[in-house]
Amino acid sequence: MNSIRTRVTLMLVGSILCVVVLSTLVMSKMVIDLVEGNFRQGFAERVSAFAPSLTFQGDAAVFHLQSQPGPGEVLEKPTAEVKESFRKRGVPFDVVVKRVSAGRQTVSVNMGPGWLTWPVPSHAPAPRVWYGLAGWMGLIAIGVIGVALIVAHQTTKQLKFLETMAKAVGRDGILPRVREEGSAEIRATARALNMMGESLKNAVETRMRLVAAAGHDLRTPMTRMRLRAEFLDDDERSRWLNDLDELDRIADSAIQLVREETVGKGTEPIRLDILVRQICQELVLIDFPVQIAGLDAVTVRISPLAFTRALRNLVINAATHGGGAIVRVAASDPTALVVIDDNGPGIPAKDICSVFEPFFRVDPARRKHIPGVGLGLAIAKEIIDRQGGTLVVENRKSGGLRQTLAFESELAASPADSPRGKALAIAISS
């Protein structure tokens, strides 16, 4: 009995049976009352019609036949049908069916010496019959709708469990453990989800260990190659060392990308405008062409260290490939925006949807002049997603690329709400 299938089946069968039995009892009572009423009415009508044609002589009754059929409009079709009925029984009486006042009908039979007029009972259902039928159908409909609503509620209530689980999935793709309780189907589902969560967690941890081990193991042969390169002539040694430096960057970026996928958020309220100003000033000090176009005061809940890493990647990308970065912070309640524009060539429309793929580079020829392995945007996208924000890259109509970061702003936006905010404010003012 602790199965959803069994409970739903029993509920459906019991509910439908109750509805049908109840509505049938109500309809039966109405039909019985109607039959008894029709009998009383028909009996009284026939006796009343015969009474004027009868006289009694002692115990005998004498019929007084009429010389003509009863008054009214002759109905051809009913007359022919009644004549056919008499003919089948071998009694070919002359019969006339007429309609009298108020829609009632009479049958006049030629008995030889005269005509006997007989009232025809009305076989059309009375209005209350239709009311009763409508009520019976209404009870059935209401009962079925009620059962359907109950079943739908019970079914969707179980599906709510799956919806809750889907919303509980962390940004790292790991499922929280579910309590294995409730009906048999819910326990089985919870058990399967827990097993899937463990498998996903093991897969992520295994990938992290694999990439970290690969990056570590690359260091030893790369060190030997550096030592051997020292015995080469100057031109050859320079090319070897450049290739080894690129291998270093690839290994470090890959490890950093996987680390961002496995580390939690750890957010706190931060003045976004102060943090952005500090990052831009640091990049200007190391000769990156970065300009600040405007900074609206706004507070967001983010991880300062992770956001700094992401924003540095994006600004450096614009400053390096776009000929200079123009950064601004805009407050648009309830959203805080960080917009990074550049004046570069932009990205071809066919490649714009691939910019966040690892190792993506727009122009392979640029690798010869600009260091990089194509992981900066992928790392930034991973960080921003974990902070609960969004990152959109699009070409500007006037030329160049626009990178837009959006976060949900805090209601309270005081300049120094958190210790980190106070530290940033002190650093900027000094």
- prompt: Of Gly344, Gly322, which residue is open to solvent by less than 50 Å² (accessible area, probe 1.4 Å), in contact with a His (Cβ under 9 Å, 6 or more places away or on another chain) and more than 27 Å from Arg301 (Cα to Cα)?
  reply: Gly344
message: For a quick check of your reading of the model, give me the residue pairs whose first member lies in the range 276-295 and is over 18 Å from Ala330 (Cα atoms) and free of Cβ contacts under 8 Å to residues at least 12 places away in the same chain, whose second is open to solvent by less than 40 Å² (accessible area, probe 1.4 Å) and outside any helix (DSSP H, G or I), with beta-carbon atoms closer than 8 Å and at least 6 apart or on different chains.
response: Val284/Val290
- prompt: Which one is modelled with the highest pLDDT among residues in the range 25-53 that are open to solvent by less than 60 Å² (accessible area, probe 1.4 Å) and within 21 Å of Val144 (Cβ to Cβ)?
  reply: Ser28
- request: Can you work out which of the residues in the range 202-228 that are of a type in the set (A, V, I, L, M) and modelled with pLDDT of 80 or more is nearest to Asp248 (Cα to Cα)?
  value: Met225
- line: Listed by first then second residue, the pairs whose first member lies in the range 68-90 and is surrounded by 11 or more Cβ atoms within 10 Å (Cβ to Cβ), whose partner is part of a loop (DSSP other than H, G, I, E, B), with beta carbons under 8 Å and at least 6 positions apart or on separate chains, are Gly70/Val100; Pro71/Val100; Gly72/Val100; Lys83/Pro92; Lys83/Phe93; Phe86/Pro92; Phe86/Phe93
- prompt: Out of all the residues in the range 372-389, which are assigned to a loop (DSSP other than H, G, I, E, B), at pLDDT below 85 and under 31 Å from the mean Cα position of the chain (by Cα)?
  reply: Gln387, Gly388
field: Yes/no for Val315 being surrounded by 19 or more Cβ atoms within 10 Å (Cβ to Cβ), touching a Leu at 6+ places or on another chain (Cβ under 7 Å), modelled with pLDDT of 90 or more and more than 22 Å from Pro269 (Cβ to Cβ)
entry: yes
message: Cβ contacts < 8 Å: first residue more than 27 Å from Met137 (Cα to Cα) and modelled with pLDDT of 70 or more, restricted to the range 1-24; second residue open to solvent by 60 Å² or more (accessible area, probe 1.4 Å) and of a type in the set (Gly, Ala, Ser), any location; separation 6+ or different chain. Result?
response: none
- prompt: Take the residues of the range 325-338 that are in a strand (DSSP E or B) and open to solvent by 10 Å² or more (accessible area, probe 1.4 Å): which is farthest from Phe407 (Cα to Cα)?
  reply: Ile326
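The values are calculated or read from the model by the stated rules, or taken from the named source; none is laboratory data. All values reported here derive from a predicted model rather than from experimental measurement. Reconstructed Cβ throughout: ideal geometry from the backbone, glycine too, with neighbour counts over all protein chains shown. Surface areas here come from the heavy atoms of the whole protein model, side chains and all, with no ligands, DNA or RNA. Shrake-Rupley method; radii C 1.70, N 1.55, O 1.52, S 1.80 Å.
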